[in-house]
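Participant: There's a structure below that I have some questions on.
The values are calculated or read from the model by the stated rules, or taken from the named source; none is laboratory data. Values in this document were obtained by computation on a predicted structure and should not be read as measured data. Glycine gets a Cβ as well: all are built from the backbone with ideal geometry, and neighbour counts include every protein chain shown.
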């Protein structure tokens with residue numbers, strides 16, 4: 001436990017250092033964002049460097065291997081899954097940059113890659129008997145057995161794409177993810193203490209490593225927001241957004257807290273649901289429910305400044321997380 005603060009500070013400062021180094025390099029190599037023509041509010045963002053996820057993913061990876069312990073199978077896989085989703089996002093971003101357009105991998109290509117990673121992770125969860133889930137607000141658990149495989153795949157897909165859809169304004173996805181990772185760190189700490197007090201040293205050590213990974217993610221996001229806050233100097237792109245979703249999903253699933261994601265990531269849910277409802281409504285009734293999906297673009301169309309929207313999203317995420325933590329662990 002004594003490593004928690006050093007890990008947070010280490011990833012924070014590594015992210016800052018990498019930001020100062022890589023942002024000029026990304027500009028030099030013209031790794032710039034192409035903005036959709038119909039999002040007029042984002043015209044000023046045209047040409048901002050993208051692939052910012054490389055910055056905090058590198059920091060998290062460095063920190064993991066500096067503080068990695070001998071018993072770290074679960075945490076290591078969580079890191080590998082995070083990086084795997086980062087690679088999928090990197091391919092998407094690379095295509096956008098290479099052909100100077102806003103469309104990278106098509107829907108089916110992106111879905112196929114995401115499913116492959118999710119399937120591998122889900123089988124690991126089942127084979128290692130990580131099938132018991134904690135239920136929010138109740139001091140009880142449920143064992144899904146073999147159903148953990150499709151459930152875990154659903155969690156990975158929903159979380160990764162929810163985070164990705166939320167990545168539309170300066171600091172929006174990064175800020176909400178920071179709160180989510182911080183809350184997960186607190187929750188995983190309680191799970192670690194439970195195993196430690198019961199004498200299960202193996203699972204205690206595994207969850208301690210998950211805690212370190214979660215804290216490093218929070219530290220990296222804090223450092224990244226120094227560059228991504230309004231007006232952003234860099235955009236995380238799919239490289240960062242998909243990887244963040246993979247990290248959050250891995251930490252939650254491997255610690256048995258996957259049912260908490262809809263609460264911790266309440267604004268990710270809002271983004272995803274707003275897109276689904278908008279698409280279905282337009283296809284079935286030829287009508288839009290909101291002015292523009294995801295929901296944060298609707299708020300922009302209503303005249304709210306993106307700083308106001310980002311602050312509101314982070315505040316809601318923080319309040320819901322605090323309520324959930326209080327009533328579940330108090």
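Participant: From the set of residues in segment 199-258 that are touching a helix residue (DSSP H, G or I) at 6+ places or on another chain (Cβ under 6 Å) and not in a helix (DSSP H, G or I), which is surrounded by the fewest Cβ atoms within 10 Å (Cβ to Cβ)?
Facilitator: My answer is 230.
Participant: Identify all residues within segment 276-330 that are touching a residue at least 60 places away in the same chain (Cβ under 8 Å) and loosely packed, with under 12 Cβ neighbours inside 10 Å; write none if there are none.
Facilitator: Residues satisfying the conditions are 327, 329.
Participant: Scan segment 13-59 for residues that are in a helix (DSSP H, G or I), exposed (fewer than 15 other Cβ atoms within 10 Å of the Cβ) and modelled with pLDDT of 70 or more and jot them down.
Facilitator: Listed by number, the residues that qualify are 13, 17, 20, 21, 24, 25, 28.
Participant: If you go through segment 134-144 one residue at a time, do you hit one that is touching a residue at least 24 places away in the same chain (Cβ under 8 Å), in a helix (DSSP H, G or I) and either closer than 20 Å to residue 275 by Cβ or in contact with a helix residue (DSSP H, G or I) (Cβ under 6 Å, 6 or more places away or on another chain) (or both)?
Facilitator: no
Participant: Select from segment 95-133 the residues that are within 25 Å of residue 26 (Cβ to Cβ), free of Cβ contacts under 8 Å to residues at least 12 places away in the same chain and part of a helix (DSSP H, G or I) and list them in ascending order.
Facilitator: 95, 98, 109
Participant: Would you please name the residue that is modelled with the highest pLDDT, looking only at residues in segment 80-112 that are more than 15 Å from residue 54 (Cβ to Cβ) and buried (at least 19 other Cβ atoms within 10 Å of the Cβ)? So that I can check it myself, show each step before the final result.
Facilitator: Restricting attention to segment 80-112, the residues satisfying the condition of being more than 15 Å from residue 54 (Cβ to Cβ) are 80-81, 95, 98-112.
Going one step further and asking which of them are buried (at least 19 other Cβ atoms within 10 Å of the Cβ), we end up with 81, 104-105, 110.
Numbers: 81: 96, 104: 75, 105: 83, 110: 90.
Applying the filter and picking the extreme gives 81.
Participant: I would also like to ask the following. Pick from segment 293-330 the residues that are under 23 Å from the mean Cα position of the chain (by Cα) and not in a helix (DSSP H, G or I): which of them is modelled with the lowest pLDDT?
Facilitator: For segment 293-330, the residue satisfying everything is 293.
Participant: Here's a follow-up. Picking from 162, 168, 174, which residue would you name as being outside any helix (DSSP H, G or I) and touching a helix residue (DSSP H, G or I) at 6+ places or on another chain (Cβ under 7 Å)? Step through it out loud before you land on a result.
Facilitator: On the way: 162 fails: outside any helix (DSSP H, G or I); 174 fails: outside any helix (DSSP H, G or I).
Result of the check over 162, 168, 174: 168.
Participant: Still on this structure, I have one more. Which members of segment 180-198 meet the condition of being crowded, with 24+ Cβ neighbours inside 10 Å and either in contact with a strand residue (DSSP E or B) (Cβ under 9 Å, 6 or more places away or on another chain) or closer than 22 Å to residue 89 by Cα (or both)?
Facilitator: Narrowing segment 180-198 to residues crowded, with 24+ Cβ neighbours inside 10 Å: 180-181, 183-184, 187-188.
Matches in segment 180-198: 180, 181, 187.
Participant: Condition first: closer than 25 Å to residue 324 by Cβ and out of contact with any helix residue (DSSP H, G or I) (no Cβ under 8 Å at 6 or more places or on another chain). Can you find one or more residues in segment 100-115 that meet it?
Facilitator: Looking only at segment 100-115, we keep the residues that are closer than 25 Å to residue 324 by Cβ, and these are none.
For segment 100-115, residues closer than 25 Å to residue 324 by Cβ and out of contact with any helix residue (DSSP H, G or I) (no Cβ under 8 Å at 6 or more places or on another chain): absent.
Participant: Let me ask something additional. Quick one: residue 169 ticks every box in (1) over 15 Å from residue 60 (Cβ atoms); (2) surrounded by fewer than 23 Cβ atoms within 10 Å (Cβ to Cβ); (3) out of contact with any strand residue (DSSP E or B) (no Cβ under 7 Å at 6 or more places or on another chain) bar one, so which box is it?
Facilitator: (2)
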